[in-house]
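The block underneath contains the structure these notes are about, expressed in structure tokens.
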Amino acid sequence: MPDHPRFWYVRHGETDWNLTKRYQGQIENPLNETGRAQAARNGEVLRKLFADEQIDPGGVSFIASPFVRTRETMEIIRETMGLDPMAYSTEPRIIETSYGEWQGLLFDEVQELRRDEWEAREADPIGYVVPGGESYQMVIERVKPWLDALPGPAVVVGHGGIMRVVHYLLCGIAPEDMMKIPVRQDRIRLFEAGTVELL
């Protein structure tokens, strides 16, 4: 989508559940110390970039998923940029993928205790619906209308699963490749003119 507005996508900083490789999904968890440092690092990168490119923050939308970990990340980013930490909007359509009955389980526990479900998802990573949760196809369908309507440049703080979906929708990658995208928490993805750059 070459004519789509440029925007900077930031995954929320690390939580203790990220650290221990536990399915988090739509369960609330705060950032840990590492996560707060990652958010500050990303805020500093944006502060310098906006200064170097003479970008007026007033002309940029700041949008976060409404979860605690994304809002905390956004507030740290904005404070680091010298902006009012609370002057941003939230968007429910970019909440993380629901992992349903897997939420709260370690990755290894799902593979061992729910082997059939794990193998079904491996066979169909886009279409498989986790029990009580969502498929990636369902997430694509709720994120796309929001992404299509983005009116101008934006800083977006969201989740790893949503980052993959955005990458898929904007960069024309194959569905199976979407799942292989690394979703780092200490880097920013700049989406512009159908390309993505890691900052």
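Size estimate for the stretch 77-184 follows the Kirkwood approach: the inverse of mean 1/r over distinct Cα pairs works out to 15.6 Å. Taking the empirical scaling 2.2 N^0.38 Å for compact globular proteins as reference, the chain has a Cα radius of gyration ratio of 1.01. Within the stretch 7-198, antiparallel bridges make up roughly 50 percent of the DSSP beta bridges whose residues both belong there. Within straight-line reach of residue 48, meaning a Cα separation under 19 Å, sit the following aspartates and glutamates at least 8 residues removed in sequence or on another chain: 56, 75, 79, 84, 186, 192, 197. When the chain is treated as a GNM with alpha-carbon contacts under 10 Å, the residue of 82, 172, 58 showing the greatest mean-square fluctuation is 58. Under 11 Å from the 7 Å Cα→Cβ point of residue 107, by amide nitrogen: which residues of the stretch 20-40? Only 20-23 pass the distance filter. With θ taken as phi - 60° and the Karplus curve 6.51 cos²θ - 1.76 cosθ + 1.60 applied, the whole-hertz 3J(HN,Hα) list for the stretch 139-150 is 5, 4, 5, 8, 7, 4, x, 5, 5, 4, 8, 4 Hz, x standing for glycine and proline. Only lysines eight or more places from residue 21 in sequence, or on another chain, were considered; those with a Cα closer than 24 Å are 180. Between residue 199 and residue 40, the simple label model (points 7 Å from Cα in the Cβ direction) yields a spacing of 2.0 nm.
Computed on the Cα trace of the stretch 54-131, the radius of gyration divided by the Kirkwood hydrodynamic radius gives Rg/Rh = 1.19.
The mean sequence separation of alpha-carbon pairs under 8 Å and at least six residues apart, normalised by the residue count of the chain, gives a relative contact order of 34 percent.
Bear in mind these aren't lab numbers, they're just calculated from the coordinates by the rules spelled out. No experiment lies behind these values; they were computed from the predicted model shown. Don't worry about glycine lacking a Cβ; one is built from the backbone with ideal geometry, like all the others, and counts go over all protein chains shown.
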